[in-house]
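Heads up, the thing below is written out as structure tokens.
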Amino acid sequence: MGRFNEGTVFTNENCIGCSKCISVCPVFGANVSRVIGGKQSVEVSKKCIDCGLCVVACEHGAREYRDDLEAVIRAISEGKKVSALIDPVLYIIYGTKAPLILGFLKDMGIHRIYDVSYGAEICMYAHAKYIKEHMDKNGQCRQFIANTCGALNNYISSVSPQLIKLMIPVQSPVTCTAIYTEKYLKDDSELVVISPCITQVDEVRNSDNGGHVKYSVTVESLMNYIESKGLGERRAEADLTSEGLGNIIAYNDGFIEGVSAFFSKEEIFTNLGGIKDVNIENLSGLSGIKKSRHSLMVTADICRGGCVCGTGLKASDVSLSATLDNYRKIRAKSFNFVNSCISPDEYYLRMSRVYKDLNFDDFSKTLSDRYRQPYIVPEDAINDIFNRMHKDTELKRTINCRSCGYKTCKDLAVAVSNGYARIQDCVHYMNDDLKYSSLLDKMSGVANREGFAKKANEILQANPDKKYILLVGNVNKLKNVNDLYGTEMGDMVLIHVAKTIEGIVGRHGTCGRFGGGVFAVMIEDNSKYTDALLKLESFNASRLGVFFPITIRFGMYRITDSSLKLSNIVNLCTYAADKATDRTKNTFIEYTDIMRKEMQEETDITLKMHDAMTGGEFVLFMQPQYNHHNGKMVGAEALCRWLKQDGSIVSPGIFIPVFEKNGFIKELDKYVWESAFKLVQQWEKQGGPQVPISVNISRISLENDEVISVIKELAKKYPINKKNLYFEITESAYMKDQAALTERVYKLKEIGFAIAMDDFGSGYSSLNSLKDIPIDVLKLDMGFLRGGTNVERGNEIITYMVHMAKALKLKIVAEGVELKEQADFLTKEGCDVIQGYFYAKPMPLTDFEEKVKVET
Ligand code: SF4
Ligand code: SF4
Ligand code: SF4
């Protein structure tokens, strides 16, 4: 047997997951929300007590039940003797048509028909007998629960067993009828009960009922069958029926009236109505409490209004006016005997005589305790579930809108923890989740940039008295992880980092991932919480199989000024983080006042750069280059200077890094190139002495192919002798995409220009770059010879580099030469050209042009 939908009541494919069945169901866990093949459905578990309320409540025809009609037909066809127990509701609903229905049963082959009203009267008398014999006994209680409704029995036995001791231990009207026919009428037929109740199936299956009834068929099922076969003309009467109050049990307070007729009018009998909600709580309240005025007996049926509103009736056959009419007629006859008695006592006496031959032990019943201890869900688990449901405030945890079918949000959380429900059953969660998922980094599960900003601002607003630190950092060498272990592992490392940070921050702040390896953290500025992060050397990912330390360079900012926007603070942190040089362990660089000044300068430069360009403030300076053998000028490097209108000069060391950051360097490059082309063309046209000049291509410009098309266009626009101009690329450009860079250099050479590698030996030396890039000129940086103590060793390296360049047939230009000894040494080793302060500083164009005339 499977776990769901295998019992009497089941869900079919019409289910749309509306949860109404959950809201009407009296049993926690009888309905289980599931998603199968992407479709949501609420299925029925083994906890179901077959009350049938959901079958009536479901507006989508998705709840059905199974009964034994087919088994009955088969048994008859196999020659078995089957007798029927028919519920008196048949007469109340169908009136004059009832004998035709009974005739149909006879035609079907039903052996005998017993009206349950007969057993109902035995049952009522047995209830009265038990109450009379037990009321006020032991001073314990005078309160009893009647056994009228199978679903109530099921409920008490499996959900509220504390009430079992209050149950009157008498079989139901149906089983009383069955026992009477079996024991006293000696009918050995198999019995089928035809009732308005889906739960009657338990008269068949529940061992508490003694197995007297073999089959259960609902009135609805029988009437559908009759409809398919056609109702015949045969009329039949029940072989056994009651003349008295047994006939009224199906109607609302009928059973109570039947039992109370044996007692004085002083005694209170109460019908609590339906089983659900408050009524069961009322029953629970009865347990063991002695009050001066309380009910002697209570009933609580599954169906408000009694069996005449049963779950197993054919709704289209029920007419309220006809039902009332039929009931009135039946009721009038049923009271004849009671009314002929002068008192309840006399009625009891006369009925005792009627039943003098019955052994009431035969009709007794003990309700079994089928209660299973539910899983008590710890508050922590409920909190976790609420958090997953984005219910982070008390208000959100007590919306209690019941859309999920549960009375309270907490009930849903408990159902989720038991596996009966899913958090997606909460409409508010689904709405919130749409909002939240747009604020979440799907890969790592922490907030994304927007989510982080939202949460961080909320925390700041909610805690104006607390101080917070904001940190933003980028994972070092993430590319290496991706290259070495694959991007999947790279993602796992990022998730590991996110979870580690999230665990450290806990409830003292928030964290987020901004994409790539960039993480942001806001944490209360209290060493109790911050130490764990600030003292963390690295994110150990060895359990993932990554054995080099994963580190982050964080920039941090102590939030003191609440007016500062979070996005600005993030920028400050990013700025500070960029100052870190150590990549071997986590670094935490705090944003300082010095950085603030730097940033202001950068902002200033950025604000003014466009005007400076249009205003012609960027001008070319020339630094001549010399042949040290003869002291003649042999070339020059064109360098850009920012000459402000007030006459001050901004050093390229200040503005170039800013332009590299903000991308303006590409504009400047184009401007410088064009200026150089124009200049060379002008000198060629003038026909005077001239030397070849070089211009720089920045690392940023070399990052895409635009550089090729721009220089091609310039070469077309200014058709100069290509020997008079060449380009310098910096060795650091080789750091990025080496293959693409090599390709671009080849293309530049194809246009016809020579290429120099600038700054060789300045820190990013890569001999590979010499091997792959087709350069013509190597420019040696004389940083080696400056400031160091081991001059000899530096000289040896220079010697080696010059020899190597010679072997590669490269022209060598030494730059940054400040002293005659340096120039002598370099020239002796074979260096072709000397550039540096020893000969000349970069100079304005006019000065240079004068110098050319003299020194070439
Ligand atoms: S009431 Fe229950 S069975 Fe019916 S459609 Fe809604 S969820 Fe499905
Ligand atoms: S039949 Fe009753 S107990 Fe079973 S699922 Fe439906 S409402 Fe719940
Ligand atoms: S807010 Fe969600 S969990 Fe709470 S009762 Fe409504 S639907 Fe159920």
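Estimated from helices alone, the mean residue ellipticity of the chain at 222 nm is -12500 deg cm²/dmol (sum of -39500 (n - 2.57) over DSSP H runs with n ≥ 4, per residue). Computed with a 1.4 Å probe over protein heavy atoms only, the accessible area of residue 856 comes to about 60 Å². Taking label positions 7 Å along the Cα-Cβ direction at both residue 845 and residue 362, the computed distance is 12.7 nm, reported to one decimal. The lysines whose alpha-carbon is closer than 21 Å to the alpha-carbon of residue 410, local same-chain residues fewer than 8 away aside, are 20, 47, 276, 391, 396. Distance from the C-alpha centroid of region 235-253 to that of region 187-232: 17 Å, rounded to the whole angstrom. With all protein chains kept in place, the per residue accessible area of region 449-558 amounts to 49 square angstrom at a probe of 1.4 angstrom. Residue ranking by accessible heavy-atom surface, 1.4 Å probe, largest first, among 10, 554 comes out as 10, 554.
Annotation for region 41-81 versus region 447-499: alpha-carbon center distance of 55 Å.
Would you list, by chain and number, the lysines whose Cα falls below 21 Å from the Cα of residue 685, excluding same-chain residues fewer than 8 positions away? Straight-line reach from residue 685, under 21 Å: 712, 716, 717, 722, 723, 851, 853. For region 609-855, the solvent-accessible area of protein heavy atoms averages 47 Å² per residue (probe radius 1.4 Å; ligands and nucleic acids excluded). Pairs of Cα atoms in region 1-66 fall into 5 Å distance bins, from 0 up to the last occupied one, in shares of 4, 21, 35, 28, 11, 2 percent.
Check region 110-264 and count each lysine pair with an alpha-carbon distance under 19 angstrom, considering only pairs eight or more places apart or from different chains.
On the way: 129/137; 129/165; 132/165; 137/165; 183/214; 186/214.
Lysine pairs meeting both conditions in region 110-264 amount to 6.
Note on the chain: with neighbouring protein chains present and a 1.4 Å probe, carbon and sulfur make up 51 percent of its accessible heavy-atom surface. A probe of 1.4 angstrom, applied to the heavy atoms of all protein chains, finds residue 808 with accessible area near 80 square angstrom.
Averaged per residue, what accessible surface does region 69-363 expose to a 1.4 Å probe, in Å²?
Details: 12140 Å² over 295 residues.
Here the per-residue accessible area is 41 Å².
The listed residues 117, 340 rank as 340, 117 when sorted by accessible area, largest first, using a 1.4 Å probe.
Given a 1.4 Å probe and the protein chains as shown, residue 853 ends up with an accessible area of around 130 Å².
If you plug the beta carbon distance of residue 796 and residue 608 into 1/(1 + (r/R0)^6) with R0 = 51 Å, you get a FRET efficiency near 0.65.
Keeping all protein chains in place and using 1.4 angstrom, which order do 535, 391, 670, 183 fall into by accessible surface area, from largest down? If you can, show how the numbers build up before the last one.
Details: 535 145, 391 5, 670 60, 183 90 Å².
Final ranking, largest accessible area leading: 535, 183, 670, 391.
The values are calculated or read from the model by the stated rules, or taken from the named source; none is laboratory data. Treat the numbers as computed from the prediction; the structure is a model and nothing was measured. Methodologically, a virtual Cβ is constructed for each residue, glycine included, from the backbone with ideal geometry; neighbour enumeration extends over all protein chains shown. Note: accessible area is taken over every heavy atom of the protein model, side chains too, but ligands, DNA and RNA are not part of it. Shrake-Rupley method; radii C 1.70, N 1.55, O 1.52, S 1.80 Å.
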